[in-house]
Amino acid sequence: MPKPILLRGGRVIDPSQGIDGVQDVLLAEGVVVGVDREISPPEGTEIVPVNGLVVCPGLIDLHVHLREPGFEHKETIASGARAAVAGGFTAVCAMPNTDPPIDDPASVGFVYAEGVRVGLARVYPVGAVSVGMRGERLTEVGEMVDAGAVAITDDGLPVADAGLMRLALEYTQTFGIPVASHCEERSLSRGGSMNEGAVSTRLGLMGIPNAAEDVMIARDLLLAELTGGRLHIQHVSTRGGVAMIREAKARGIAVTAEATPHHFTLTEEAVDGYRTDAKMNPPLRTAEDVAAVRAGIADGTLDVIATDHAPHHYDEKEQAFDEAPFGIVGLETALGLAVTELVEKGVITLPQLVERMSTAPARAFRLPGGTLRPGSPADVTVFDPSAEWTVEPEAFLSRSRNTPFGGWRLRGRALYTIVGGRVVWNGTESRP
Amino acid sequence: MTSSSAYLGKDLVGLQDLSADQIRAILDTAEPFKEISERAIKKVPVLRGKTIVNLFFEPSTRTRISFEFAEKRLSADTVNVQSTGSSVQKGETLVDTARNLEAMRIDMVVIRHSASGAARFLADRIASNVINAGDGRHEHPTQALLDMLTIRDKLGRLDGVRVCIVGDILHSRVARSNIWGLTRLGGEVAVCGPRTLLPTDVEELGVHVFSRIEEAIEWADVLNVLRLQLERMQAGFIPSLREYNRVFGITRERLERAPRDLLILHPGPMNRGVEIDSDVADGPHSVILDQVTNGVAVRMAVLYLLAGGVPERAEAAKRAGEGD
């Protein structure tokens, strides 16, 4: 067991308890002992002065691609976990579109065990909805949950068959896990490589209309209503999607939804010049959509900020736009973008940021953490919301550097990432 | 080794990047070069000692041959590299192919590729001059230049000329390059075709949209009729070629009802009886073969300018070959 840690004099923000003020946080034996003014630590406690810094429950990313097994040249569970803690994340949820896909208890167990072996961020496996992600037959959800799965999804290969989606939303109710949905009607998006509109017309690229996403969001909301199952909508990028989710929540449908930093920051104009680091799915949309996503984050329609961290090798992105794969890395820029683009621009407050990046993700997938209540896991992020830094992709701990944010000046950076009471990131290096 | 033109810069990727003066310079330079192709000995030493690779990742007959004639008539040494299928299927990336060619010390690359942006991609990564001979659905600048040269020859101007591009605008690089080039020189451009084959927000490119060909014919001075590819029917964009011809085909009957004589252009190859009827293609208003002739002159002009030539000296440069 590591020594107890006292985080002294920081601004403690814990939305789960309504805390926002200068207090001390004591961690011992892997759990939070208490949050209070001027705690007297027991003998042998490591005292870390954190004046001027934010101390919050550890950030949780519900949407990352760690690429292992099968695509280790892009990322591994180890490199992804390093990138996570460097970005201030104490836990990540690994998507199942690996090779082979994570669609049975053995492969779920592999991801879980590898995360434990690496010993940095907690790695929660997300299992596939369908066997082989072929969209035909449900996986053994119960056994995957026993092996550590916290949700199911066919992310990247959306469930085309509405009947299968219905079954998934029903069957998962026994196990209390959500179905996460990458909403894309492929008959509307096929062949497309960016948002459909004036920019795709100018560049001569085939477009993906908002309707490709909206049609599927509408379908899944109706199925969640029909079944009473828990639906989590991934990476919402459209104004129509935000509006439908807002309305569904008002009707009492059990839905949570996430937004990515790139969708709340960039528009389709970023693709100009055929920049493959601005190619992702769903694509970057228009300024109107960005405004709607921001409004959705502000009013809680979009509960969660998640990265959709999608590493790709340099060679794979160094191609003509149509031929390059979708996706960008996000773990090491998410906190900075959220502070810079949302907090500094007055979209949300710092406590709301902590809510969207820690408390709400924990609640959506029913994960431990997301709180500093006594007895909860000692997963804590300490960040400096005013530290200004430059995004240097060459310095990423991820194996991949595919980001459109290289060279950006951001504010907000994690200085300590603590998992289970151990400092796994100290602002300059990661250590298990 | 590689030149950078004071007029055009290093590359010709698209007409969107060019100013009105630059486009005019190319058209003006093409004029004196036309005559070379009429000589008994069709060769001038303008590009002697230059090596040019024609890198065609998509099948092309007309454009490749036109470039090759232009290169040879300017005395360049040329190599043709043709590859069906994408570079990826070959197992070598586009950038590796280009770097290998460059390692052989070539001066210029003419590239045709199925991916939009491929020419820009190449131009940003190699020091040689890059000329776009068609990239995906993006641009085909030399085609638009030869279309513009043909219109200017016949009508004496481009300013104020009304050109309607008819057909599959969605997949057409020819349409995009024509739109940029013509609007920059003061022309008015419209598009007409089935809504399934018009790109979203096409109006934002600065064009009018006609949904009926009859309205387009009434409006236009020039029709640029695009090839309707069979695969568009197979992909379901239109129900049948027969219906396409009935609704959008350029027929003599339709042209006879036009308020003025129309100039008919077609970038080829034609599907007779689909987008254009034979009596129109072969009729008095068709300038389709003039386009082909002008294609060689325009490409000579582009090669000459990118190699560092200046428009005012094109006439003299051309004469240098006389008596060879």
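Couple of notes before you dig in:
- Being open to solvent by 20 Å² or more (accessible area, probe 1.4 Å), of a type outside the set (G, A, S) and assigned to a strand (DSSP E or B) is not true of A:V116.
- Qualifying residue in segment B:249-268 (condition: within 29 Å of B:F67 (Cα to Cα), of a type outside the set (S, T, Y) and modelled with pLDDT under 95): yes
Here's the yes/no breakdown for (1) among the small types (G, A, S); (2) part of a loop (DSSP other than H, G, I, E, B); (3) within 25 Å of the chain's Cα centre (by Cα):
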residue	(1), (2), (3)
A:V150	no, yes, yes
A:D155	no, yes, yes
A:V159	no, yes, yes
A:G163	yes, no, no
A:Y171	no, no, yes
A:G176	yes, yes, yes
A:C183	no, yes, yes
A:S187	yes, no, no
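- Verdict on B:T196 being of a type in the set (V, I, T), more than 30 Å from B:L47 (Cα to Cα), within 14 Å of chain A (Cβ to nearest Cβ) and in contact with a strand residue (DSSP E or B) (Cβ under 8 Å, 6 or more places away or on another chain): no
- Segment A:1-20, residues that are on the phi < 0 side of the Ramachandran plot, in a strand (DSSP E or B) and not β-branched (V, I, T): A:L6, A:L7, A:R8, A:G10, A:R11, A:D14, A:D20
- Any hit, segment A:148-166, residues being surrounded by fewer than 21 Cβ atoms within 10 Å (Cβ to Cβ) and closer than 20 Å to A:G109 by Cα: yes
- Within segment B:205-227, being open to solvent by 10 Å² or more (accessible area, probe 1.4 Å), assigned to a helix (DSSP H, G or I), touching a residue at least 24 places away in the same chain (Cβ under 8 Å) and more than 14 Å from chain A (Cβ to nearest Cβ) holds for B:E214, B:E218, B:W219.
- Residues of segment B:179-191 classified as part of a helix (DSSP H, G or I), open to solvent by less than 20 Å² (accessible area, probe 1.4 Å) and touching a Gly at 6+ places or on another chain (Cβ under 9 Å), total: 2
- Answer residue from segment A:230-265, given it is among the small types (G, A, S) and in a helix (DSSP H, G or I) and is surrounded by the most Cβ atoms within 10 Å (Cβ to Cβ) among those: A:G241
- Scope segment B:96-128; condition open to solvent by 10 Å² or more (accessible area, probe 1.4 Å) and either at pLDDT below 80 or within 11 Å of another protein chain (Cβ to nearest Cβ) (or both); matching residues: B:D96, B:S114, B:R120, B:F121, B:D124, B:R125
- In segment B:273-296, the residues that are at pLDDT 95 or above reach residues that are assigned to a loop (DSSP other than H, G, I, E, B) and among the basic types (K, R) with C-beta atoms within less than 7 angstrom, at least six apart or across chains, in these pairs: B:E275/B:R227.
- A search for C-beta distances below 9 Å between a residue of segment A:15-32 that is touching a residue at least 40 places away in the same chain (Cβ under 8 Å) and closer than 18 Å to A:V48 by Cβ and any residue that is assigned to a strand (DSSP E or B) and open to solvent by 50 Å² or more (accessible area, probe 1.4 Å), counting only pairs 6+ apart in sequence or on different chains, returns A:V25/A:R8; A:V25/A:V33; A:V25/A:D36; A:L27/A:V33; A:G30/A:R422.
- Qualifying residues in segment B:228-244 (those that are part of a helix (DSSP H, G or I) and under 25 Å from B:A144 (Cβ atoms)) - the one least open to solvent (accessible area, probe 1.4 Å): B:Y244
- Of all residue pairs spaced 6 or more apart or on separate chains, those with beta-carbon atoms under 6 Å, a first member in segment B:137-149 that is away from every other protein chain (no Cβ under 13 Å) and a second member that is part of a strand (DSSP E or B) are B:D147/B:L265.
Yes/no per residue for (1) away from chain A (no Cβ under 14 Å); (2) touching a residue at least 40 places away in the same chain (Cβ under 8 Å); (3) surrounded by 15 or more Cβ atoms within 10 Å (Cβ to Cβ):
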| position | (1), (2), (3) |
| --- | --- |
| B:A6 | yes, yes, no |
| B:K10 | yes, yes, yes |
| B:L15 | no, yes, yes |
| B:D21 | yes, no, no |
| B:I26 | yes, yes, yes |
| B:K50 | yes, yes, yes |
| B:V53 | yes, yes, yes |
| B:F56 | yes, yes, yes |
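- Only listed residue being within 30 Å of B:L170 (Cβ to Cβ) and either β-branched (V, I, T) or away from chain B (no Cβ under 14 Å) (or both), chosen from A:T256, A:T174, A:T201, A:T227: A:T201
- A:E269 part of a strand (DSSP E or B), touching a residue at least 60 places away in the same chain (Cβ under 8 Å) and of a type in the set (D, E): no
- The sole residue among B:D77, B:D135 that is in contact with a Lys or Arg (Cβ under 8 Å, 6 or more places away or on another chain) and open to solvent by less than 10 Å² (accessible area, probe 1.4 Å) is B:D135.
- Answer from A:E75, A:E43, A:E29 - the residue that is open to solvent by less than 30 Å² (accessible area, probe 1.4 Å) and charged (D, E, K, R): A:E75
The values are calculated or read from the model by the stated rules, or taken from the named source; none is laboratory data. Note that the structure is predicted; figures quoted are calculated from it, not measured. Every residue, glycine as well, gets a Cβ built from its backbone with ideal geometry; the counts of neighbours run over all protein chains shown. Keep in mind that these areas ignore ligands, DNA and RNA; they rest on the heavy atoms of the full protein, side chains included. Shrake-Rupley method; radii C 1.70, N 1.55, O 1.52, S 1.80 Å.
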